[in-house]
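The values are calculated or read from the model by the stated rules, or taken from the named source; none is laboratory data. This is a predicted model, so every value here is computed, not measured. Cβ: placed from backbone, ideal geometry, glycine included. Neighbour counts: every protein chain shown.
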Amino acid sequence: MSNPMEQFEIKRLLPLDINGYDISFTNSALCMIISAVTVIVVFAFCLRKRTLVPGVAQCIPESAYEFIYRLITENIGKEGLKYFSFIFTLFLFIVTGNLLGLFPYSFTFTSHIAAVGSLSILALVINIFVGIKNKKWGYLRTFFPKGIPLAIAPLIIPIEIISLLSKPFSLTIRLVANMTVGHIMLKSIAGFVVALGLLGGEIPLIFAGLIIAFEIFIGILQAYIYTILSCIYLSDAIHSH
Amino acid sequence: MAQIPEDIKKLNEKIEAVKKEGMVKEDVSSKKQGNYSNLSVALQAGIELVSGTVVGASLGYMLDEVFDFKFIFLLTFTIFGSIAGLVNVSRYLKKIDEQNEKRK
(Lines give C-alpha, C1' and ligand atoms only; values in the text may rest on other atoms or scores of the structure.)
Protein backbone atom coordinates (compact mmCIF):
# COMPACT_ATOMS: atom_id res chain seq x y z
CA MET A 1 0.00 0.00 0.00
CA SER A 2 1.40 3.43 -0.90
CA ASN A 3 2.09 5.98 1.80
CA PRO A 4 -1.03 8.14 2.41
CA MET A 5 1.21 11.13 3.21
CA GLU A 6 2.83 11.02 -0.24
CA GLN A 7 -0.03 13.03 -1.73
CA PHE A 8 0.95 16.06 0.37
CA GLU A 9 4.53 16.19 -0.91
CA ILE A 10 5.45 19.39 -2.69
CA LYS A 11 7.32 18.72 -5.90
CA ARG A 12 9.38 21.26 -7.80
CA LEU A 13 8.16 21.53 -11.38
CA LEU A 14 10.35 24.48 -12.40
CA PRO A 15 13.32 24.93 -10.06
CA LEU A 16 14.07 28.63 -9.48
CA ASP A 17 16.58 30.13 -7.09
CA ILE A 18 17.05 33.87 -6.64
CA ASN A 19 19.73 35.10 -4.20
CA GLY A 20 19.47 31.89 -2.19
CA TYR A 21 15.66 32.08 -2.02
CA ASP A 22 13.86 29.05 -3.38
CA ILE A 23 10.95 30.36 -5.44
CA SER A 24 10.47 27.23 -7.56
CA PHE A 25 7.22 26.67 -9.38
CA THR A 26 5.68 23.71 -7.56
CA ASN A 27 2.70 21.38 -7.96
CA SER A 28 0.99 23.44 -5.25
CA ALA A 29 1.43 26.66 -7.25
CA LEU A 30 0.19 24.90 -10.39
CA CYS A 31 -2.97 23.76 -8.60
CA MET A 32 -3.57 27.28 -7.28
CA ILE A 33 -3.33 28.63 -10.83
CA ILE A 34 -5.64 25.88 -12.13
CA SER A 35 -8.09 26.72 -9.34
CA ALA A 36 -8.11 30.44 -10.19
CA VAL A 37 -8.37 29.76 -13.92
CA THR A 38 -11.23 27.27 -13.35
CA VAL A 39 -13.24 29.91 -11.48
CA ILE A 40 -12.65 32.49 -14.25
CA VAL A 41 -13.51 30.02 -17.05
CA VAL A 42 -16.66 28.70 -15.30
CA PHE A 43 -17.92 32.20 -14.58
CA ALA A 44 -17.12 33.45 -18.08
CA PHE A 45 -18.87 30.41 -19.60
CA CYS A 46 -21.93 30.65 -17.36
CA LEU A 47 -22.32 34.39 -17.87
CA ARG A 48 -21.73 34.46 -21.64
CA LYS A 49 -25.46 35.00 -22.31
CA ARG A 50 -26.75 37.28 -19.61
CA THR A 51 -30.54 37.43 -19.46
CA LEU A 52 -33.00 38.98 -17.04
CA VAL A 53 -34.55 35.58 -16.37
CA PRO A 54 -31.49 33.40 -15.67
CA GLY A 55 -30.96 30.05 -17.33
CA VAL A 56 -29.46 27.03 -15.56
CA ALA A 57 -25.85 28.09 -16.31
CA GLN A 58 -26.44 31.68 -15.21
CA CYS A 59 -27.96 30.42 -11.96
CA ILE A 60 -24.60 29.01 -10.75
CA PRO A 61 -22.66 32.31 -10.49
CA GLU A 62 -25.81 34.18 -9.44
CA SER A 63 -26.46 31.74 -6.58
CA ALA A 64 -22.83 32.01 -5.46
CA TYR A 65 -23.08 35.81 -5.61
CA GLU A 66 -26.34 35.90 -3.64
CA PHE A 67 -24.99 33.40 -1.10
CA ILE A 68 -21.94 35.55 -0.31
CA TYR A 69 -24.04 38.74 -0.43
CA ARG A 70 -26.37 37.28 2.24
CA LEU A 71 -23.41 36.03 4.28
CA ILE A 72 -21.85 39.50 4.37
CA THR A 73 -25.06 41.40 5.11
CA GLU A 74 -25.97 38.96 7.90
CA ASN A 75 -22.54 38.93 9.54
CA ILE A 76 -21.13 42.39 8.89
CA GLY A 77 -24.06 44.48 7.67
CA LYS A 78 -24.41 46.69 4.59
CA GLU A 79 -21.08 48.41 5.32
CA GLY A 80 -19.34 45.07 4.78
CA LEU A 81 -20.32 45.05 1.10
CA LYS A 82 -17.25 47.21 0.37
CA TYR A 83 -15.19 44.06 0.98
CA PHE A 84 -17.47 41.83 -1.09
CA SER A 85 -14.92 41.18 -3.84
CA PHE A 86 -12.30 40.01 -1.33
CA ILE A 87 -14.65 37.65 0.50
CA PHE A 88 -16.19 36.35 -2.73
CA THR A 89 -12.72 35.63 -4.18
CA LEU A 90 -11.62 33.96 -0.95
CA PHE A 91 -14.65 31.66 -0.92
CA LEU A 92 -14.40 30.69 -4.59
CA PHE A 93 -10.64 30.10 -4.41
CA ILE A 94 -10.91 27.83 -1.36
CA VAL A 95 -13.98 25.91 -2.49
CA THR A 96 -12.43 25.28 -5.92
CA GLY A 97 -9.13 24.26 -4.31
CA ASN A 98 -10.93 21.82 -2.00
CA LEU A 99 -12.95 20.28 -4.82
CA LEU A 100 -10.10 20.11 -7.36
CA GLY A 101 -8.02 18.30 -4.76
CA LEU A 102 -10.42 15.36 -5.00
CA PHE A 103 -9.46 14.65 -8.61
CA PRO A 104 -6.92 11.87 -9.16
CA TYR A 105 -3.29 13.08 -9.61
CA SER A 106 -4.33 16.51 -8.33
CA PHE A 107 -2.88 18.27 -5.31
CA THR A 108 -4.90 19.75 -2.44
CA PHE A 109 -3.14 23.04 -1.72
CA THR A 110 -5.70 23.76 1.01
CA SER A 111 -4.12 20.95 3.05
CA HIS A 112 -0.92 22.99 3.42
CA ILE A 113 -0.45 25.42 6.28
CA ALA A 114 1.77 27.65 4.09
CA ALA A 115 -0.95 28.18 1.46
CA VAL A 116 -3.96 28.60 3.76
CA GLY A 117 -1.88 30.46 6.36
CA SER A 118 -0.90 33.05 3.73
CA LEU A 119 -4.57 33.62 2.93
CA SER A 120 -5.41 33.90 6.64
CA ILE A 121 -2.55 36.35 7.24
CA LEU A 122 -3.79 38.37 4.25
CA ALA A 123 -7.25 38.41 5.84
CA LEU A 124 -5.71 39.55 9.15
CA VAL A 125 -3.72 42.33 7.44
CA ILE A 126 -6.88 43.51 5.65
CA ASN A 127 -8.74 43.46 9.00
CA ILE A 128 -6.03 45.59 10.62
CA PHE A 129 -6.06 48.05 7.68
CA VAL A 130 -9.87 48.26 7.82
CA GLY A 131 -9.69 48.87 11.58
CA ILE A 132 -7.04 51.60 11.19
CA LYS A 133 -8.93 53.19 8.27
CA ASN A 134 -12.19 53.30 10.26
CA LYS A 135 -10.87 54.36 13.65
CA LYS A 136 -7.45 55.88 12.92
CA TRP A 137 -5.45 55.89 16.19
CA GLY A 138 -8.55 54.70 18.02
CA TYR A 139 -7.78 51.24 16.60
CA LEU A 140 -5.11 50.86 19.27
CA ARG A 141 -8.00 50.82 21.74
CA THR A 142 -8.62 47.25 20.51
CA PHE A 143 -5.62 46.21 22.59
CA PHE A 144 -6.67 48.21 25.63
CA PRO A 145 -10.45 48.73 25.79
CA LYS A 146 -11.94 51.74 27.56
CA GLY A 147 -12.79 51.48 31.26
CA ILE A 148 -9.97 49.08 32.14
CA PRO A 149 -7.61 50.25 34.92
CA LEU A 150 -4.16 51.31 33.68
CA ALA A 151 -2.53 49.04 36.28
CA ILE A 152 -3.55 45.88 34.41
CA ALA A 153 -2.37 47.16 31.00
CA PRO A 154 0.74 44.90 31.04
CA LEU A 155 -1.62 41.92 31.34
CA ILE A 156 -4.36 43.01 28.94
CA ILE A 157 -2.20 44.24 26.04
CA PRO A 158 -0.26 40.97 25.45
CA ILE A 159 -3.48 38.96 25.84
CA GLU A 160 -5.24 41.13 23.24
CA ILE A 161 -2.25 40.93 20.87
CA ILE A 162 -2.15 37.13 21.16
CA SER A 163 -5.93 37.05 20.72
CA LEU A 164 -5.59 38.98 17.45
CA LEU A 165 -2.66 36.91 16.18
CA SER A 166 -4.39 33.61 16.98
CA LYS A 167 -7.28 34.40 14.62
CA PRO A 168 -5.45 33.45 11.38
CA PHE A 169 -4.01 30.44 13.17
CA SER A 170 -7.40 29.06 14.15
CA LEU A 171 -8.77 29.76 10.66
CA THR A 172 -5.86 27.89 9.08
CA ILE A 173 -5.81 24.91 11.41
CA ARG A 174 -9.49 24.17 10.95
CA LEU A 175 -9.36 24.04 7.16
CA VAL A 176 -5.97 22.31 6.93
CA ALA A 177 -6.88 19.64 9.50
CA ASN A 178 -10.16 18.83 7.78
CA MET A 179 -8.61 18.58 4.34
CA THR A 180 -5.59 16.56 5.50
CA VAL A 181 -7.61 14.06 7.52
CA GLY A 182 -10.14 13.54 4.72
CA HIS A 183 -7.46 12.88 2.14
CA ILE A 184 -5.47 10.53 4.38
CA MET A 185 -8.63 8.54 5.08
CA LEU A 186 -9.51 8.43 1.38
CA LYS A 187 -6.05 7.27 0.35
CA SER A 188 -5.87 4.64 3.12
CA ILE A 189 -9.22 3.13 2.16
CA ALA A 190 -8.35 3.30 -1.54
CA GLY A 191 -5.15 1.42 -0.66
CA PHE A 192 -7.24 -1.43 0.75
CA VAL A 193 -9.08 -1.75 -2.57
CA VAL A 194 -5.78 -2.45 -4.33
CA ALA A 195 -4.45 -4.66 -1.53
CA LEU A 196 -7.55 -6.85 -1.33
CA GLY A 197 -8.07 -7.02 -5.09
CA LEU A 198 -11.07 -8.91 -6.39
CA LEU A 199 -11.42 -10.86 -3.13
CA GLY A 200 -13.17 -8.36 -0.86
CA GLY A 201 -11.91 -5.17 -2.48
CA GLU A 202 -15.47 -4.17 -3.33
CA ILE A 203 -16.28 -3.20 0.28
CA PRO A 204 -13.52 -0.58 0.66
CA LEU A 205 -14.38 0.58 -2.89
CA ILE A 206 -17.93 1.39 -1.76
CA PHE A 207 -16.52 3.14 1.32
CA ALA A 208 -14.11 5.14 -0.84
CA GLY A 209 -17.03 6.23 -3.01
CA LEU A 210 -19.00 7.31 0.06
CA ILE A 211 -15.99 9.17 1.45
CA ILE A 212 -15.56 11.06 -1.84
CA ALA A 213 -19.19 12.19 -1.61
CA PHE A 214 -18.61 13.15 2.03
CA GLU A 215 -15.41 15.00 1.10
CA ILE A 216 -17.29 17.06 -1.50
CA PHE A 217 -19.69 18.10 1.25
CA ILE A 218 -16.82 18.80 3.70
CA GLY A 219 -14.91 20.78 1.04
CA ILE A 220 -17.86 23.11 0.47
CA LEU A 221 -18.72 23.30 4.18
CA GLN A 222 -15.16 24.15 5.24
CA ALA A 223 -14.88 26.85 2.57
CA TYR A 224 -18.16 28.26 3.91
CA ILE A 225 -16.92 28.15 7.51
CA TYR A 226 -13.61 29.76 6.53
CA THR A 227 -15.52 32.55 4.78
CA ILE A 228 -18.01 33.06 7.61
CA LEU A 229 -15.21 33.27 10.19
CA SER A 230 -13.33 35.77 8.01
CA CYS A 231 -16.57 37.79 7.92
CA ILE A 232 -16.88 37.62 11.72
CA TYR A 233 -13.28 38.84 12.15
CA LEU A 234 -13.87 41.61 9.61
CA SER A 235 -17.04 42.55 11.46
CA ASP A 236 -14.98 42.85 14.68
CA ALA A 237 -12.59 45.24 12.92
CA ILE A 238 -15.48 47.38 11.62
CA HIS A 239 -17.78 47.40 14.64
CA SER A 240 -15.54 46.99 17.71
CA HIS A 241 -15.46 49.96 20.09
CA MET B 1 -74.30 29.68 -1.25
CA ALA B 2 -72.77 27.77 -4.14
CA GLN B 3 -71.61 24.30 -3.18
CA ILE B 4 -67.94 23.45 -3.62
CA PRO B 5 -67.49 20.70 -6.20
CA GLU B 6 -66.25 17.36 -4.93
CA ASP B 7 -62.97 17.40 -6.93
CA ILE B 8 -62.05 20.87 -5.61
CA LYS B 9 -62.69 19.63 -2.04
CA LYS B 10 -60.37 16.65 -2.63
CA LEU B 11 -57.71 18.93 -4.09
CA ASN B 12 -57.97 21.19 -1.06
CA GLU B 13 -57.55 18.22 1.28
CA LYS B 14 -54.50 17.08 -0.70
CA ILE B 15 -52.93 20.58 -0.48
CA GLU B 16 -53.53 20.69 3.28
CA ALA B 17 -51.95 17.23 3.73
CA VAL B 18 -48.88 18.22 1.69
CA LYS B 19 -48.57 21.46 3.67
CA LYS B 20 -48.69 19.57 6.99
CA GLU B 21 -46.11 17.04 5.78
CA GLY B 22 -43.86 19.85 4.60
CA MET B 23 -44.06 21.56 7.98
CA VAL B 24 -43.11 18.37 9.79
CA LYS B 25 -40.18 17.79 7.44
CA GLU B 26 -39.02 21.39 7.89
CA ASP B 27 -39.18 20.99 11.66
CA VAL B 28 -37.08 17.81 11.61
CA SER B 29 -34.49 19.27 9.25
CA SER B 30 -34.14 22.44 11.34
CA LYS B 31 -33.55 20.28 14.45
CA LYS B 32 -30.88 18.29 12.57
CA GLN B 33 -29.32 21.52 11.32
CA GLY B 34 -29.29 22.80 14.89
CA ASN B 35 -27.36 19.71 16.05
CA TYR B 36 -24.79 20.07 13.26
CA SER B 37 -24.32 23.76 13.93
CA ASN B 38 -23.86 23.04 17.67
CA LEU B 39 -21.17 20.53 16.78
CA SER B 40 -19.51 23.08 14.52
CA VAL B 41 -19.62 25.74 17.27
CA ALA B 42 -18.10 23.29 19.78
CA LEU B 43 -15.32 22.37 17.34
CA GLN B 44 -14.55 26.00 16.57
CA ALA B 45 -14.52 26.87 20.29
CA GLY B 46 -11.97 24.08 20.86
CA ILE B 47 -9.79 25.32 18.01
CA GLU B 48 -9.96 28.92 19.31
CA LEU B 49 -8.88 27.75 22.76
CA VAL B 50 -5.93 25.73 21.51
CA SER B 51 -4.80 28.29 18.93
CA GLY B 52 -4.47 31.01 21.58
CA THR B 53 -2.20 28.79 23.65
CA VAL B 54 -0.12 27.68 20.65
CA VAL B 55 0.36 31.24 19.36
CA GLY B 56 1.25 32.47 22.87
CA ALA B 57 3.76 29.65 23.39
CA SER B 58 5.33 30.21 19.93
CA LEU B 59 5.63 33.94 20.57
CA GLY B 60 7.22 33.27 23.96
CA TYR B 61 9.66 30.76 22.45
CA MET B 62 10.67 33.27 19.76
CA LEU B 63 11.21 36.03 22.33
CA ASP B 64 13.32 33.64 24.43
CA GLU B 65 15.45 32.89 21.37
CA VAL B 66 15.84 36.59 20.51
CA PHE B 67 16.66 37.81 24.03
CA ASP B 68 18.52 34.64 24.98
CA PHE B 69 16.43 33.81 28.03
CA LYS B 70 15.86 30.23 29.07
CA PHE B 71 12.10 29.92 29.42
CA ILE B 72 10.74 33.08 31.08
CA PHE B 73 8.92 34.36 27.98
CA LEU B 74 7.78 30.88 26.99
CA LEU B 75 6.17 30.38 30.38
CA THR B 76 4.63 33.86 30.60
CA PHE B 77 3.30 33.89 27.05
CA THR B 78 1.89 30.38 27.32
CA ILE B 79 -0.20 31.61 30.26
CA PHE B 80 -1.16 34.76 28.34
CA GLY B 81 -2.00 32.60 25.33
CA SER B 82 -4.26 30.32 27.38
CA ILE B 83 -6.13 33.37 28.70
CA ALA B 84 -6.31 34.81 25.16
CA GLY B 85 -7.76 31.48 24.01
CA LEU B 86 -10.46 31.68 26.69
CA VAL B 87 -11.20 35.30 25.73
CA ASN B 88 -11.51 34.25 22.06
CA VAL B 89 -13.89 31.42 22.96
CA SER B 90 -16.10 33.72 25.02
CA ARG B 91 -16.16 36.33 22.21
CA TYR B 92 -16.94 33.70 19.59
CA LEU B 93 -19.80 32.25 21.66
CA LYS B 94 -21.14 35.75 22.34
CA LYS B 95 -21.15 36.41 18.59
CA ILE B 96 -22.99 33.15 17.91
CA ASP B 97 -25.54 34.04 20.62
CA GLU B 98 -26.11 37.45 19.04
CA GLN B 99 -26.63 35.81 15.63
CA ASN B 100 -29.10 33.31 17.07
CA GLU B 101 -30.99 36.14 18.77
CA LYS B 102 -31.18 38.04 15.47
CA ARG B 103 -32.58 34.97 13.70
CA LYS B 104 -35.29 34.57 16.36
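Pairs are defined by a Cβ separation below 6 Å, a sequence spacing of at least 6 or placement on different chains, a first member in the stretch A:58-82 that is within 26 Å of residue A:45 (Cα to Cα), and a second member that is of a type outside the set (A, V, I, L, M) and not in a helix (DSSP H, G or I); the pairs so defined are A:62/A:54.
Within the stretch A:129-142, does at least one residue satisfy the condition of being surrounded by fewer than 16 Cβ atoms within 10 Å (Cβ to Cβ) and under 28 Å from residue A:210 (Cα atoms)? So far as the stretch A:129-142 goes, no, none of its residues is surrounded by fewer than 16 Cβ atoms within 10 Å (Cβ to Cβ) and under 28 Å from residue A:210 (Cα atoms).
Kindly indicate whether residue A:101 is exposed (fewer than 15 other Cβ atoms within 10 Å of the Cβ) and either small (Gly, Ala, Ser) or in contact with a strand residue (DSSP E or B) (Cβ under 7 Å, 6 or more places away or on another chain) (or both).
Details: exposed (fewer than 15 other Cβ atoms within 10 Å of the Cβ): no; either small (Gly, Ala, Ser) or in contact with a strand residue (DSSP E or B) (Cβ under 7 Å, 6 or more places away or on another chain) (or both): yes.
No, not satisfied.
Annotation note: Cβ proximity below 8 Å between a residue of the stretch A:150-174 that is more than 8 Å from every other protein chain (Cβ to nearest Cβ) and a residue that is among the small types (Gly, Ala, Ser) and surrounded by fewer than 19 Cβ atoms within 10 Å (Cβ to Cβ) (sequence gap 6+ or interchain) occurs for A:168/A:117; A:172/A:117.
The test for being without any contact (Cβ under 8 Å) to a residue 60 or more places away in the chain and of a type in the set (Val, Ile, Thr) holds for residue A:89.
For (1) under 30 Å from residue B:95 (Cβ atoms); (2) modelled with pLDDT under 90; (3) touching a strand residue (DSSP E or B) at 6+ places or on another chain (Cβ under 7 Å), each residue gets a yes or a no:
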site	(1), (2), (3)
B:2	no, yes, no
B:5	no, yes, no
B:23	no, yes, no
B:26	yes, yes, no
B:29	yes, yes, no
B:38	yes, yes, no
B:59	yes, no, no
B:75	no, no, no
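For the stretch B:50-70, filtered to residues that are within 9 Å of chain A (Cβ to nearest Cβ) and of a type in the set (A, V, I, L, M), the residue that is farthest from residue A:165 (Cα to Cα) is B:50.
A count restricted to the stretch A:188-237 and to residues that are more than 30 Å from residue A:88 (Cα to Cα) and either in contact (Cβ under 8 Å) with a residue 12 or more places away in the chain or within 12 Å of another protein chain (Cβ to nearest Cβ) (or both) stands at 12. Of the residues A:101, A:182, A:147, the single one that is more than 25 Å from the chain's Cα centre (by Cα), more than 14 Å from chain B (Cβ to nearest Cβ) and of a type in the set (Gly, Ala, Ser) is A:147. Criterion applied to A:66, A:74 was being surrounded by fewer than 12 Cβ atoms within 10 Å (Cβ to Cβ) and part of a helix (DSSP H, G or I), and the one residue passing it is A:66. For the stretch B:76-102, the candidate set comprises residues that are at the interface with chain A (Cβ under 9 Å from one of its Cβ atoms) and polar (S, T, N, Q); within that set, the residue that is surrounded by the fewest Cβ atoms within 10 Å (Cβ to Cβ) is B:99.
Annotation note: of A:53, A:41, A:37, the sole residue that is of a type outside the set (D, E, K, R) and outside any helix (DSSP H, G or I) is A:53.
Here is a yes/no grid of residues against (1) small (Gly, Ala, Ser); (2) closer than 30 Å to residue A:130 by Cβ:
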site: A:20; (1), (2): yes, no
site: A:77; (1), (2): yes, yes
site: A:80; (1), (2): yes, yes
site: A:87; (1), (2): no, yes
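Per-residue answers, yes or no, for (1) over 20 Å from residue A:239 (Cα atoms); (2) in contact with a helix residue (DSSP H, G or I) (Cβ under 6 Å, 6 or more places away or on another chain):
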| site | (1), (2) |
| --- | --- |
| A:67 | yes, no |
| A:74 | no, no |
| A:77 | no, no |
| A:86 | no, no |
| A:91 | yes, yes |
| A:104 | yes, no |
| A:107 | yes, yes |
| A:119 | yes, no |
